[in-house]
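The next block holds one structure in the form of structure tokens; read it before the comments.
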Amino acid sequence: MKDKIKKVSSLEELQTLYSDTFGKNGTMTAKLKNMANLSNEERAAVNTENTELRQLFKEKQNELELAALNAKLATEYADVTLDTEPKNRGTIHPLTQSFKEAIAIFESMGYTLMTGPEIEDDWHNFTALNMPIYHPARDMQDTFFLENGNVMRTQTSAVQIRAMEKMGAPIKMFALGQCYRRELDATHSAMFDQLEGLYVDKIEKNINLSDLLGTMRTFASKFFGKEVDLRIRPSYFPFTEPSIEIDMKWGDKWMELLCGGMVHPNVLRNCGVNPDEYQGFAFGFGWARLVMVKYGLDDIRAFTDGDIRWLKNSGF
Ligand code: DAH
């Protein structure tokens, strides 16, 4: 019997064996019932056997239950380590991607990337750019004013001022960043990105509009990946004189590429640069429009909607 118990390999089997031994008609039960007919020694032997068998059953049950639990744990194994391998890798946002391209192109032409704050004071955003408080050109930029008189930067041109105040001249810098105006439709976003450039050097270097045109031709050809046709139109900005707009031929249409001109002497003076010694050009433009043209996108708002389907299909 003892050997039998030891050989049992499942709880069901043990249960059956237990019933056969201690159940109503079990062998041990029968022996216990028969105690009255036994001698003292025989009773003692039955009692010992009874205790030993119960002990053996208990031990075997514990052993089998533990084995079952271990088997269960082996299959239900909980991995408590952190899985650091991302399942869904994100992609770089189309705008960020295009910024990288712009930065690489302008840096390759010797321009240094500079930044300025998005909350600007009146001086850097307007006044120093030859747009004093009474200037009607301010009306063209639907400005978000803060209560303390500062503004949400309406143009990255403010960074030109900060750059020249800090570095003086000669200077060859560009800036890229968010600007804010109170306007919103398919081609205008209240928060939009501009790219700005400034190149000022000694008058003897004769930096002029054809340099600006050449620079923009190089930039556009690199960014759009093919030689582009440009044309110049006269324009007006308070901070450049003369001021121009440059169009680019795209398919059979001319589209506005950017604005620019020769930096106005007042702007140089406002930054402590002597206009009798230095001259140069500046340019600036809304960035997203170029990206939209390059990739055939038609709604500027999609850039900030955060729609993952658009992001995946935007051609990048
Ligand atoms: N800041 C102008 C705007 O937002 C764009 C611009 C025009 C920038 C001429 C320039 C510039 O640097 O020379 O409309």
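The values are calculated or read from the model by the stated rules, or taken from the named source; none is laboratory data. Here the structure is a predicted model, which is why all the values come from computation and not from measurement. Reconstructed Cβ throughout: ideal geometry from the backbone, glycine too, with neighbour counts over all protein chains shown. Side chains included, ligands, DNA and RNA excluded: accessible areas come from the protein's heavy atoms. Shrake-Rupley method; radii C 1.70, N 1.55, O 1.52, S 1.80 Å.
Numbers at a glance
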quantity: Cα centroid separation, the stretch 63-133 to the stretch 154-218 (Å); calculated: 27
quantity: Cubic angstrom per residue, convex hull over Cα atoms of the stretch 2-73; calculated: 69
quantity: Alpha carbon centroid spacing (whole Å) that separates the stretch 252-277 from the stretch 1-51; calculated: 107
quantity: Förster-model FRET efficiency, 51 Å R0, Lys226 and Val80, C-beta, rounded to 0.05; calculated: 0.40
quantity: Area projected by the alpha carbon convex hull of the stretch 94-313, averaged over all directions, nm²; calculated: 12.3
quantity: Spin-label model distance (nm) - Lys33 vs Asn208, 7 Å beyond Cα toward Cβ; calculated: 12.7
quantity: Rounded tilt (10° steps) of 40-75 against the dominant C-alpha axis of the chain; calculated: 20
quantity: Accessible carbon and sulfur surface of the chain relative to its total accessible area, %, 1.4 Å; calculated: 52
quantity: Between 0 and 90°, nearest 10: helix 94-108 axis offset from the chain longest Cα axis; calculated: 50
quantity: Residue-span extension gain [Glu183 to Thr304] - 0.36 nm each, minus C-alpha spacing; calculated: 42.1 nm
quantity: By average C-beta atoms within 10 angstrom, highest first, the peptides 207-215, 29-37, 181-189; calculated: 207-215, 181-189, 29-37
quantity: Difference of contour (0.36 nm per residue) and Cα-Cα distance, Gln97 to Trp254; calculated: 54.0 nm
quantity: FRET E, pair Thr218, Glu147, Förster distance 45 Å, beta-carbon r, rounded to 0.05; calculated: 0.55
quantity: The stretch 92-199 - convex hull of alpha carbons, volume per residue in Å³; calculated: 114
quantity: Cα-Cα over 26 Å, subset of Lys2/Lys72; Lys2/Lys31; Lys172/Lys253; Lys4/Lys58; Lys6/Lys31; Lys253/Lys312; calculated: Lys2/Lys72; Lys172/Lys253; Lys253/Lys312
quantity: Top positive-direction residue, dipole computed over the chain with Cβ charges, set Leu64, Ser9, Ala74; calculated: Ser9
quantity: Theoretical ellipticity at 222 nm over the chain - DSSP helices of four or more residues, -39500 (n - 2.57) apiece, nearest 500; calculated: -12500 deg cm²/dmol
quantity: Net dipole in debye of the stretch 94-313 [+1 Lys, Arg Cβ; -1 Asp, Glu Cβ; about Cα centre; nearest 20]; calculated: 520
quantity: Glu12 versus Asn40: modelled label distance in nm, points set 7 Å from Cα along the beta carbon direction; calculated: 4.8
